[in-house]
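Worksheet: the structure to be examined is printed underneath.
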Amino acid sequence: MKISDIRIDYSLKSLDISDVQTSPIEQFKKWFNEAIDSKVLEVNAMTLSTIKENGRPNSRVVLLKGVDSGFVFFTNYKSAKGRELDHQPYVALNFYWAELERQIRILGRIEKVSEKESDEYFHSRPYASQIGAWVSPQSEPIPNRDILVQKEEEVKEKFSPETIKRPEHWGGYRVIPDELEFWQGRPSRLHDRIHYQLDKSGNWIINRLAP
């Protein structure tokens, strides 16, 4: 089969302005809970797009770990994404839930969560994941995997599950949104797109976009 011949005609659901919440955060929570109920695989996986110093976009999948005034994830602050966020604090997020024929696009600015929030999440993680935060010089070249295995053993000798603490180079970010789009697949590629834009007064303006 040719790649150009691959296509799906979407028909599961519809979406109208009259269907959505006035707050995009509440609309996100509604769709997220529906995705959980539908047993969407890796429901909290999202594509995070940042901007490199040379102006080129860079994307990878990370895991959503909280929703409040924004969208929270955790990582190594010294990683490629961490360095890019230091350079340019604006990002795009994308969720795609094939099982529901839905997509959510989010644009906003980034900020670090508090040290307290990072500590609380770090200590909620499995011990092996806590060790991993100490072991990996994320995004840096390494000669082989043995380096990681050796470092893992060294960190385990240093920290027990009771004594391990969060490394300073590891913590959370919060994406504060100013633009969101909720996309529902429809037949004949005439998809439903409901767009939220934050205006200068702090109000959300809601519009339907052409597919």
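Derivation of every value follows stated rules applied to the coordinates shown; laboratory data play no part. Computed from a prediction, not measured in an experiment: that's the story for all the values here. Positions of Cβ are generated from backbone atoms using ideal geometry, with glycine treated the same way; all protein chains shown enter the neighbour counts.
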Once phi is turned into ³J(HN,Hα) by the Karplus curve 6.51 cos²θ - 1.76 cosθ + 1.60 with θ = phi - 60°, what whole-Hz value does each residue of the stretch 83-94 show in order, with x for glycine and proline? 5, 5, 5, 5, 7, 9, x, 10, 9, 10, 10, 9
So what is Rg over Rh here for the stretch 47-147, counting just Cα atoms and using Kirkwood for Rh? 0.98
In whole Hz, with x marking every Gly and Pro, tabulate ³J(HN,Hα) for the stretch 135-152 from phi via Karplus 6.51 cos²θ - 1.76 cosθ + 1.60, θ = phi - 60°. 6, 8, x, 3, 6, 8, x, 10, x, 6, 6, 4, 4, 5, 4, 5, 5, 4
Of the residues 163, 47, 22, which exhibits the maximal mean-square fluctuation in a Gaussian network model of the chain defined by a 10 Å Cα contact cut-off? 163
P(r) over all Cα-Cα pairs of the chain, 5 Å bins from 0 to the longest distance, whole percent per bin, short to long, reads 1, 6, 12, 15, 16, 15, 12, 9, 6, 4, 2, 0
A correct Karplus calculation of ³J(HN,Hα) over the stretch 204-211, with 6.51 cos²θ - 1.76 cosθ + 1.60, θ = phi - 60°, whole Hz and x for Gly and Pro, returns 8, 9, 10, 9, 8, 9, 5, x
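May I ask you to order 188-195, 141-148 by the average number of other C-beta atoms within 10 Å around their residues, highest value first?
Working: 188-195: 15.1, 141-148: 9.1.
Result, highest mean first: 188-195, 141-148.
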Going by a ≥ b ≥ c, the root eigenvalues of the Cα gyration tensor, does the stretch 153-211 fall in the rounded group (a/c under 1.5), the prolate group (a/b larger than b/c) or the oblate group? oblate
Under-5 Å amide H pairs with residue 192, H placed in peptide plane, nonlocal only: 184, 186
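Quick check on my link table: of 81/112; 30/112; 29/78; 30/65; 116/200, which ones sit more than 20 Å apart, alpha carbon to alpha carbon? Provide the component values of the computation, followed by the final result.
Values: 81/112 13 Å; 30/112 26 Å; 29/78 30 Å; 30/65 16 Å; 116/200 31 Å.
From 81/112; 30/112; 29/78; 30/65; 116/200, over 20 Å: 30/112; 29/78; 116/200.
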Linear extension gain, residue 86 paired with residue 124, 0.36 nm per residue minus alpha-carbon span: 11.1 nm
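Within the chain, what's the longest run with no GluC sites (Glu not before Pro) in a DSSP loop and at most 10 other beta-carbon atoms within 10 Å? Give the range, please. Each step should come with its number before you reach the end.
Working: sites that count: 42, 53, 162, 168.
Value returned for the longest uninterrupted segment is 54-161.
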The stretch 100-122 and the stretch 15-47 have their Cα centres apart by a whole-number Å value of 15
Cleavage-rule hits, trypsin sites (Lys or Arg not before Pro), the stretch 1-82, DSSP coil, Cβ neighbours within 10 Å at most 11: 2, 7, 39
